[in-house]
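Q: Handing you a structure now.
The values are calculated or read from the model by the stated rules, or taken from the named source; none is laboratory data. Everything numeric in this text was worked out from a predicted model, so none of it was measured. Cβ placement follows ideal geometry from the backbone for every residue including glycine, while neighbour counts extend to all protein chains displayed. Surface areas here come from the heavy atoms of the whole protein model, side chains and all, with no ligands, DNA or RNA. Shrake-Rupley method; radii C 1.70, N 1.55, O 1.52, S 1.80 Å.
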Amino acid sequence: MVTPAALTFRRLHGLFCVYKPLGVHWKLVRDTIEANLLKGVNAAPPLALPHKVRFLAEPTSRTGEHTALTLTATSVPALSKHPLVTGPEFQHIRVGVGHRLDVSSSGVLVLAVGNGNKILDDLYKTRVTRDYTLECEFGTATDDFTRTGQVVERSTYDHITLDKLDRVLAMLEGANQKALRVFSNVDMSSQEAYELAVRGLLGPEGKSSPILTGLRCIHFQPPNFTLEVQCLNETQKYLRKVVHEIGLELRSTAVCRGVRRTRDGLFTSRDALTRNHWSAADIMQAIKQHRRTKKAENHTQIQAKTPVIQTSEEGLTATSQDKVEEMSS
């Protein structure tokens, strides 16, 4: 017989995302969610205890120093099946982690439960792009490209304008677009390349060096500026290094003050569960919502691929209407 805890666990198979806070290791996030899931699943009411027939001795009469006993068949609960004896039904739930974030980064972190781990592996074998928002500052360079690192150089930045910054960003984006075409292993003049580009799936096969598919400045107020980045196969350290190189291209220095992931594939910051909502019920609802979103997206893709076929009757009707319009004109 399936227990209520097992039924609850079955509804947890799938993908969801959380918002990883700044300064927290991704392993701590995973362990916290795993503990919350175990607590929620094991909180389901247990099944009624099975009963066993036991022969209990009961005194019937007493004569002098001797007592007569009678064995009586009695149904009693099997305490060996009690939760306090067997312990929680689920001792471990595997929670998989998608593309990870380091301690100094925050944002969308995709996780998987149960059978969702296989879906997660298949997802990251495809060309999944991610969006980041980088908070940057001109005038300083550190040894590890972060604001907490040791300062190795200071420089002026008064000569930097938004136009100069945009030109450097366009140059970097162009170089990365060329690398994207090289690593994609697809003939750029083919129909396959066109269809992949339209669907946003043009990218490298398997592992490759990090590629920036989009790069633009969304806020510029020297010394502070903010970049919005779309990329493939990146690490947060690589993104900080890109900011450092942008500063060098502008005859200055720059350091990345913060890295925040805003999108990972289909998951956006709007879908991410904050720390107050890392309970089993909220995670179950998030998994259900992702299934609906994925189903709607697949339906849209099928409709887009289905060609519109015009029947012969419709073609004849359209032709006759065109002739009538020509005669009336």
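Q: State whether the residues of the range 3-12 include one that is aromatic (Phe, Trp, Tyr), open to solvent by 30 Å² or more (accessible area, probe 1.4 Å) and touching a helix residue (DSSP H, G or I) at 6+ places or on another chain (Cβ under 6 Å).
A: First, the residues of the range 3-12 that are aromatic (Phe, Trp, Tyr): 9.
From what's left, open to solvent by 30 Å² or more (accessible area, probe 1.4 Å): 9.
Pick out the ones that are also touching a helix residue (DSSP H, G or I) at 6+ places or on another chain (Cβ under 6 Å) and you get 9.
Checked against the condition, which is being aromatic (Phe, Trp, Tyr), open to solvent by 30 Å² or more (accessible area, probe 1.4 Å) and touching a helix residue (DSSP H, G or I) at 6+ places or on another chain (Cβ under 6 Å), the range 3-12 yields at least one hit.
Q: Shifting gears a bit: Tally time: how many residues in the range 142-186 are closer than 20 Å to Leu232 by Cα and polar (S, T, N, Q)?
A: 4
Q: Restricting to the range 247-293, name every residue that is open to solvent by 80 Å² or more (accessible area, probe 1.4 Å) and closer than 30 Å to Ala43 by Cα.
A: Passing the criteria: Arg270, Arg275, Asn276, His277, Gln285, Lys288, Gln289, Arg291, Arg292.
Q: Within the range 230-246, is even one residue open to solvent by less than 60 Å² (accessible area, probe 1.4 Å), β-branched (Val, Ile, Thr), touching a Cys at 6+ places or on another chain (Cβ under 6 Å) and not assigned by the TED database to the domain that holds Lys20?
A: yes
Q: So how many residues does the range 96-116 have that are crowded, with 19+ Cβ neighbours inside 10 Å and free of Cβ contacts under 8 Å to residues at least 60 places away in the same chain?
A: Going through the range 96-116 one residue at a time, the tally reaches 0.
Q: Would a scan of the range 67-83 turn up a residue that is under 25 Å from the mean Cα position of the chain (by Cα), part of a helix (DSSP H, G or I) and more than 25 Å from Leu266 (Cβ to Cβ)? Reasoning before the result, please.
A: Applying the first criterion (under 25 Å from the mean Cα position of the chain (by Cα)) to the range 67-83 yields none.
For the range 67-83, residues under 25 Å from the mean Cα position of the chain (by Cα), part of a helix (DSSP H, G or I) and more than 25 Å from Leu266 (Cβ to Cβ): absent.
Q: Can you spot a residue in the range 7-22 that is more than 24 Å from Arg291 (Cα to Cα) and either in contact with a Phe, Trp or Tyr (Cβ under 7 Å, 6 or more places away or on another chain) or of a type in the set (Val, Ile, Thr) (or both)?
A: no
Q: Would you mind stating whether Pro50 is loosely packed, with under 14 Cβ neighbours inside 10 Å and modelled with pLDDT under 85? Before the answer, list the steps.
A: Numbers: loosely packed, with under 14 Cβ neighbours inside 10 Å: yes; modelled with pLDDT under 85: yes.
For Pro50, the condition - loosely packed, with under 14 Cβ neighbours inside 10 Å and modelled with pLDDT under 85 - is met.
Q: Could you list, in sequence order, the residues of the range 104-133 that are over 13 Å from Gly265 (Cα atoms) and touching a Gly at 6+ places or on another chain (Cβ under 6 Å)?
A: Ala112, Gly116, Asn117
Q: Just checking, how many residues over the range 121-174 are among the basic types (Lys, Arg) and assigned to a helix (DSSP H, G or I)?
A: First, the residues of the range 121-174 that are among the basic types (Lys, Arg): 125, 127, 130, 147, 154, 164, 167.
Filter once more, so that each one left must be assigned to a helix (DSSP H, G or I): 164, 167.
Matching residues across the range 121-174 total 2.
Q: Okay, next question. Tell me, yes or no, whether the range 216-225 has at least one residue that is assigned to a loop (DSSP other than H, G, I, E, B), modelled with pLDDT under 70 and open to solvent by less than 60 Å² (accessible area, probe 1.4 Å). Lay out the reasoning, then the answer.
A: Step one: filter the range 216-225 for residues assigned to a loop (DSSP other than H, G, I, E, B), giving 222-223.
Restricting the remaining residues to those that are modelled with pLDDT under 70 gives none.
Scanning the range 216-225, I find no residue that is assigned to a loop (DSSP other than H, G, I, E, B), modelled with pLDDT under 70 and open to solvent by less than 60 Å² (accessible area, probe 1.4 Å), so the answer is no.
Q: Mind checking which residues of the range 124-159 are touching a strand residue (DSSP E or B) at 6+ places or on another chain (Cβ under 6 Å) and among the β-branched types (Val, Ile, Thr)?
A: Scanning the range 124-159 gives Thr129, Thr133, Thr140, Thr142, Val151, Val152.
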